[in-house]
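The structure appears right after this line, and notes come after that.
The values are calculated or read from the model by the stated rules, or taken from the named source; none is laboratory data. In this text the structure is predicted, and so the values were computed from the model without any measurement. Backbone-built Cβ (ideal geometry, glycine too); neighbour counts: all protein chains shown. These area figures cover heavy atoms from the full protein model, side chains too; ligands, DNA and RNA do not enter into them. Shrake-Rupley method; radii C 1.70, N 1.55, O 1.52, S 1.80 Å.
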Amino acid sequence: MKRAVNIRIESKQAEQTQTQQAKGELYEKNGAYYLRYAEPDGEMGQTTATVKWDETHIKVIRHGDVQSDLTFRSGVRTTGGFTLPQGRLEMEMYTHGIDRKLNEGLGSLAWSYDMYTGGAHVGRIRLRLMIEEDRSE
């Protein structure tokens, strides 16, 4: 069963914090939760993001003007990348931790990771998704 949700996306890199709002849908399938929404960042054009998570990992998949496939596992270095009009950018992420404060997919999902491209450290990023039921309908 899909549920309409409101999402607050908080990202922090270095001293820069960005907060965005989105509306999306949340559903459970085969023991994992899926959160799908239109990417609110105008630089991403017409892009749909899907965040999938279970007890072991988080996966962020984007389709549309920007395509990406990033996987996060606590304490593990994973690979992924972005496909932009200019080409594909390969990257690695080392996930420091995943914090789940969720009840049936609603609540807070947060993780922090170091990002590397071409072996060079790009920065440490902290993401938090606040997911609540959309009661406006």
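Find the centroid of the Cα atoms in segment 80-113 and in segment 1-69, then give the distance between the two in whole Å.
Distance between centres, Cα-based: 9 Å.
How far is it, in nm, from the label point at Ser108 to the one at Val122 when both lie 7 Å from their Cα along the line to the Cβ?
That separation, rounded to one decimal, is 2.6 nm.
Counting only trypsin sites (Lys or Arg not before Pro) that are in a DSSP loop and have at most 15 other C-beta atoms within 10 Å, tell me the longest site-free stretch of the chain.
3-134
Of the GluC sites (Glu not before Pro) in segment 37-93, which ones lie in a loop per DSSP and count no more than 10 other C-beta atoms within 10 Å?
In loop regions of segment 37-93 (DSSP not H, G, I, E or B), the sparsely surrounded GluC sites (Glu not before Pro) are Glu55.
Let's see if you can work this out: charge +1 on each Lys and Arg Cβ, -1 on each Asp and Glu Cβ, no other charges. What is the dipole magnitude of segment 89-130 about its Cα centre, in debye to the nearest 20? Write down the numbers at each step before the final one.
Numbers: 5 positive and 5 negative charges, 48 e Å.
That gives segment 89-130 a dipole magnitude of about 220 debye.
Leaving out ligands, DNA and RNA but keeping every protein chain, what accessible area does His63 have, in Å² rounded to the nearest 10, with a 1.4 Å probe?
110
Around Met44, under 11 Å between beta carbons, what's the net of Lys plus Arg minus Asp minus Glu among the other residues?
Once positives and negatives cancel, what remains is -3.
Express the accessible area of the chain per residue in Å², computed with a 1.4 Å probe while the remaining protein chains stay in the model.
Numbers: 7910 Å² over 137 residues.
It amounts to 58 Å² per residue over the chain.
So how do Ser136, Ser11, Ser74 rank on accessible area, 1.4 Å probe, biggest first, that is with the largest at the start?
Ranked from most to least accessible, the order is Ser136, Ser74, Ser11.
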